[in-house]
Amino acid sequence: MCRLEGKASQEREVYPLCELSRLLVNYGDMWFYRHQQLGLDKCNCIRGIAIEFYGGDEMKEKILIVDDQFGIRILLNEVLQKEGYRTYQAANGIQALEIVKEDTPDLVLLDMKIPGMDGIEILKRMKVIDENIRVIIMTAYGELDMIQEVKNLGALTHFAKPFDIDDIRAAVKKHLPIKSSS
């Protein structure tokens, strides 16, 4: 267990370390990078991540980004967080399925070509966990049969890589509008 001081301690005093380690997987690298210039050490960064996580993000719409390419995950993460969404990242199918089970994302951006478990298999397993899960497919391949199969499995739409980030942003807003907090 890890005790945190400040705002978060008033809401929840004790955070299980497994939750903090999951937060670090989803938020850690970006958070550390952004706050290095402020001179925060890792303990304060972890504290900040927990405060951000427990201090109001519960109401944000959740998006899971599944792509084995780090750069694409980071790009989509940055863009979607700026739009007001809470984001999760997974580099493979096992991570993605774990996040779907634990955090029930409202929308998934799923790459089709992922080593180990491909996008079709990930989508099928996600549908077993949550038959109503909403998924947007991303692929660098224009295989019409594969695109039709994922649409038959319930994918909302697909984007070919390289994609226009504004097109992704518009599709996400269409399929997952941000609710007003008032």
The FRET efficiency for Ala140 and Lys101, from their Cβ-Cβ distance with R0 = 25 Å and rounded to 0.05, is 0.35
Along region 164-171, Karplus-curve 3J(HN,Hα) (6.51, -1.76, 1.60; θ = phi - 60°) to the nearest Hz, with x for Gly and Pro, reads 8, 4, 5, 5, 5, 4, 5, 5
Extension length gain for Asn152 and Gln81 (0.36 nm per residue less Cα distance), in nm, is 22.6 nm
Extension length gain for Asn92 and Val128 (0.36 nm per residue less Cα distance), in nm, is 11.2 nm
Going through Lys60/Lys124; Lys101/Lys174; Lys62/Lys124; Lys82/Lys113; Lys82/Lys174; Lys82/Lys179 one by one, the pairs whose alpha carbons sit over 22 Å apart turn out to be Lys60/Lys124; Lys101/Lys174; Lys82/Lys113
For region 51-182, the accessible surface attributable to carbon and sulfur atoms (probe 1.4 angstrom, ligands and nucleic acids excluded) amounts in percent to 51
In Å³ per residue, the alpha-carbon convex hull of region 101-182 encloses 109
Regression test value, accessible area per residue of region 85-182, probe 1.4 Å, units Å², expected 52
Karplus ³J(HN,Hα) for region 144-149 (6.51 cos²θ - 1.76 cosθ + 1.60, θ = phi - 60°; Hz, whole; x = Gly/Pro) runs 5, 4, 5, 4, 5, 4
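The values are calculated or read from the model by the stated rules, or taken from the named source; none is laboratory data. Predicted, not measured: the structure shown is a model, and the values here were computed from it. Reconstructed Cβ throughout: ideal geometry from the backbone, glycine too, with neighbour counts over all protein chains shown. Surface accessibility is based on the protein's heavy atoms, side chains included, excluding ligands, DNA and RNA. Shrake-Rupley method; radii C 1.70, N 1.55, O 1.52, S 1.80 Å.
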